[in-house]
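Participant: One structure coming up, written as structure tokens, with questions to follow.
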Amino acid sequence: MAADAYLGYLRTHGVADVLPPQQLLRSARRWRGCADEEFAVPPQSQWPTMVPTLRLVRELRGAGLLDRASVGSGYRNPALNRCEGGAPGSKHLSNAALDFDLAPEDGLHQRLCAYWRMHGAARRFGLGFYDSGAIHVDTAGHRTWGYDYTRRSSLCAPPPKPSRLGESKPHRRG
């Protein structure tokens with residue numbers, strides 16, 4: 001069975017215990033509406049890309065950041081990714097990403113951002129925030145984004161600098 005082989009591969013790399021198999025193999029939240037399968041095994045050529053992501057998830061859990069989170073989406077085939085509304089270059093397509101549904105918790109997003117700022121570059125940690133409250137975690141590049149899929153809307157982006165009062169642009173007379 002393909003799932004057993006995939007889990008065996010992850011076991012040999014020391015990360016099979018990071019998430020329960022039913023979460024790790026979860027395809028997408030809208031799998032039913034997309035007429036797809038709830039669980040999916042990525043192509044064997046893409047198994048290695050999940051290893052660093054699971055190592056990051058282990059670190060995040062060890063830091064108390066994803067303790068009560070469950071996976072809403074993992075590997076997606078191209079048709080399911082389109083139906084789910086994923087980006088054409090989504091890291092879910094290459095089995096490098098997981099979306100987590102988070103239980104509401106005060107300060108969690110700020111703590112995730114602090115961890116991302118401190119360790120993100122070294123871990124190639126991608127961190128996305130969605131309107132639904134879900135977050136995206138991958139190890140395919142140090143970046144962050146929010147509701148409009150840009151850095152400026154990320155909860156980790158620095159707040160805009162306030163304009164100084166009394167400052168005005170020179171007025172030209174014509």
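The values are calculated or read from the model by the stated rules, or taken from the named source; none is laboratory data. Just so it is clear, the model here is predicted, and its values are computed rather than measured. Using ideal geometry, Cβ is built from the backbone for each residue, glycine included, and neighbour counts are taken over all protein chains shown. Side chains are part of the model used for accessible areas, which takes the heavy atoms of the whole protein and leaves out ligands, DNA and RNA. Shrake-Rupley method; radii C 1.70, N 1.55, O 1.52, S 1.80 Å.
Participant: Can you tell me which residue in the range 28-52 is farthest from residue 134 (Cα to Cα), limited to those that are aromatic (Phe, Trp, Tyr) and not in a loop (DSSP other than H, G, I, E, B)?
Facilitator: Step by step, filter the range 28-52, then rank; the result is 47.
Participant: Looking at (1) under 21 Å from residue 113 (Cα atoms); (2) open to solvent by 10 Å² or more (accessible area, probe 1.4 Å), which is the one condition that is false for residue 30?
Facilitator: So residue 30 meets the others, but not (1).
Every residue, every condition in (1) closer than 17 Å to residue 62 by Cα; (2) within 11 Å of the chain's Cα centre (by Cα); (3) at pLDDT 95 or above, yes or no:
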site: 92; (1), (2), (3): no, yes, yes
site: 96; (1), (2), (3): no, yes, yes
site: 99; (1), (2), (3): no, yes, yes
site: 104; (1), (2), (3): no, no, no
site: 109; (1), (2), (3): yes, no, no
site: 113; (1), (2), (3): yes, no, yes
site: 116; (1), (2), (3): yes, no, yes
site: 134; (1), (2), (3): no, yes, no
site: 142; (1), (2), (3): no, no, yes
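Participant: Moving on. Mind checking whether some residue in the range 89-97 is touching a Pro at 6+ places or on another chain (Cβ under 8 Å), under 18 Å from residue 7 (Cβ atoms), polar (S, T, N, Q) and touching a residue at least 40 places away in the same chain (Cβ under 8 Å)?
Facilitator: Taking every residue of the range 89-97 in turn, at least one turns out to be touching a Pro at 6+ places or on another chain (Cβ under 8 Å), under 18 Å from residue 7 (Cβ atoms), polar (S, T, N, Q) and touching a residue at least 40 places away in the same chain (Cβ under 8 Å).
Participant: Return the pairs, sorted by first residue and then second, in which the second residue is assigned to a helix (DSSP H, G or I) and open to solvent by 70 Å² or more (accessible area, probe 1.4 Å), the first residue lies in the range 45-70 and is in contact (Cβ under 8 Å) with a residue 40 or more places away in the chain and at negative phi, the beta carbons are less than 7 Å apart, and the residues are 6+ apart or on different chains.
Facilitator: Short answer, once both residue conditions are applied: 56/123; 65/111.
Participant: Please go through the range 1-27 and pick out each residue that is in a loop (DSSP other than H, G, I, E, B) and crowded, with 17+ Cβ neighbours inside 10 Å.
Facilitator: Within the range 1-27, 15, 18, 19, 25, 27 meet the criteria.
Residues are listed down the side, and each one gets a yes or a no for (1) over 16 Å from residue 96 (Cβ atoms); (2) surrounded by 21 or more Cβ atoms within 10 Å (Cβ to Cβ):
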{"position": "37", "(1), (2)": "yes, no"}
{"position": "46", "(1), (2)": "no, no"}
{"position": "50", "(1), (2)": "no, yes"}
{"position": "53", "(1), (2)": "no, yes"}
{"position": "56", "(1), (2)": "no, yes"}
{"position": "60", "(1), (2)": "no, yes"}
{"position": "63", "(1), (2)": "yes, no"}
{"position": "68", "(1), (2)": "yes, no"}
{"position": "73", "(1), (2)": "no, yes"}
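Participant: Within the range 67-111, how many residues are closer than 23 Å to residue 28 by Cα and either part of a loop (DSSP other than H, G, I, E, B) or of a type in the set (A, V, I, L, M) (or both)?
Facilitator: 27
Participant: While we're looking at this one, here's another question. Have a look at 79, 5 and point out the one that is touching a residue at least 24 places away in the same chain (Cβ under 8 Å) and over 30 Å from residue 153 (Cα atoms).
Facilitator: The unique qualifying residue is 5.
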